[in-house]
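Notes to accompany the following structure.
The values are calculated or read from the model by the stated rules, or taken from the named source; none is laboratory data. Predicted model only: the values in this text are computed from it and were never measured. Here the Cβ positions follow ideal geometry from the backbone for every residue, glycine too, while neighbour counts run over all protein chains shown.
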Amino acid sequence: MKESMSESLLKESILSLGDLGDYQRITSQRYTEIKQNNDICVVGEVVALYEQRSVTYTITFNENYELMGLYMK
């Protein structure tokens, strides 16, 4: 994912969420391990509370804990 997600693209993606205000805290988090086609991934869902609203981050790591996917809503 390093090749496809530059730091500037990540910042642009976060800005597209709108005005969040200051970060407050993590309100919930959960993780699970998935095995698919002999590949092992860890998927986490983290809900972060900001001043204006919350954001749910879905994060996927490979078995070496390298970032493979990031979804924000």
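Numbers below:
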read-out	value
Filtered residues of the stretch 53-68 (kept if surrounded by 13 or more Cβ atoms within 10 Å (Cβ to Cβ) and within 23 Å of D19 (Cα to Cα))	S54, V55, T56, Y57, T58, I59
Selection count where residues are farther than 17 Å from I59 by Cβ and in a strand (DSSP E or B), scope the stretch 3-33	2
Among residues of the stretch 54-66, those that are over 9 Å from the mean Cα position of the chain (by Cα), of a type outside the set (D, E) and modelled with pLDDT under 95, counted	4
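For every residue, the table says whether it meets (1) touching a His at 6+ places or on another chain (Cβ under 8 Å); (2) surrounded by 10 or more Cβ atoms within 10 Å (Cβ to Cβ); (3) in contact (Cβ under 8 Å) with a residue 60 or more places away in the chain; (4) under 16 Å from M68 (Cβ atoms).
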site: S8; (1), (2), (3), (4): no, no, no, no
site: K11; (1), (2), (3), (4): no, yes, no, no
site: D19; (1), (2), (3), (4): no, no, no, no
site: S28; (1), (2), (3), (4): no, yes, no, no
site: I40; (1), (2), (3), (4): no, yes, no, yes
